[in-house]
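Here's the structure we're looking at; comments come further down.
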Amino acid sequence: MNKMFKEDYYRMTGTEYKFGIKSLIQWFVSHQIRYVYWLRKAQDKPSVLKKFILKKYSKKYGLEISINAEIGRGLYLGHPYNISVGGACGLGIM
C-alpha cells in the first residue's frame, strides 16, 4: 500500500489503515477514499488501467484532480464533489 495513501486515509477517517472488515466497509461507503486511492496509484506508477479507473470515478463524482498535480501528504476532501485541480498546481507541498 502506498505510504501517501495511508496518510490520506488516516486524515479522512481518523484511524490507521489496516486491511480488514472496517476498512472494506469504508472503501464501499466513502467514495473519496476510493478516488484518492486510485489517484495515488496513478501518480505513483501510471498505467492505462489506473488512468481509466480514475477517469471513471472522476466523471462519476465530479472530481477533477490531475495526476500531474503535486499533492502533499494527508489529502482530505472535505466536500468531495465538484473539485478541480490543474496539473501545474501544488497542494500541501513544503
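The values are calculated or read from the model by the stated rules, or taken from the named source; none is laboratory data. None of the values given here were measured: they were computed from a predicted structure. Counting neighbours? That spans all protein chains shown, and the Cβs are built from the backbone with ideal geometry, glycine included.
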Sole residue being surrounded by 18 or more Cβ atoms within 10 Å (Cβ to Cβ) and on the phi < 0 side of the Ramachandran plot, chosen from Lys45, Lys50, Lys56, Lys60: Lys50
For the stretch 15-37, what are the residues that are touching a Ser or Thr at 6+ places or on another chain (Cβ under 9 Å), assigned to a helix (DSSP H, G or I) and free of Cβ contacts under 8 Å to residues at least 40 places away in the same chain? Lys22, Ser23, Gln26, Ile33
List the pairs whose first member sits in the stretch 1-14 and is part of a helix (DSSP H, G or I), whose second member is loosely packed, with under 15 Cβ neighbours inside 10 Å, and whose Cβ atoms are under 7 Å apart, counting only residues at least 6 apart or on separate chains? Glu7/Gly74; Asp8/Gly74; Tyr10/Glu16; Arg11/Gly74; Arg11/Tyr76; Met12/Tyr76
Residue hits (the stretch 68-87; in a loop (DSSP other than H, G, I, E, B), of a type in the set (Gly, Ala, Ser) and at pLDDT 80 or above) are Ala69, Gly72, Gly74, Gly86, Gly87
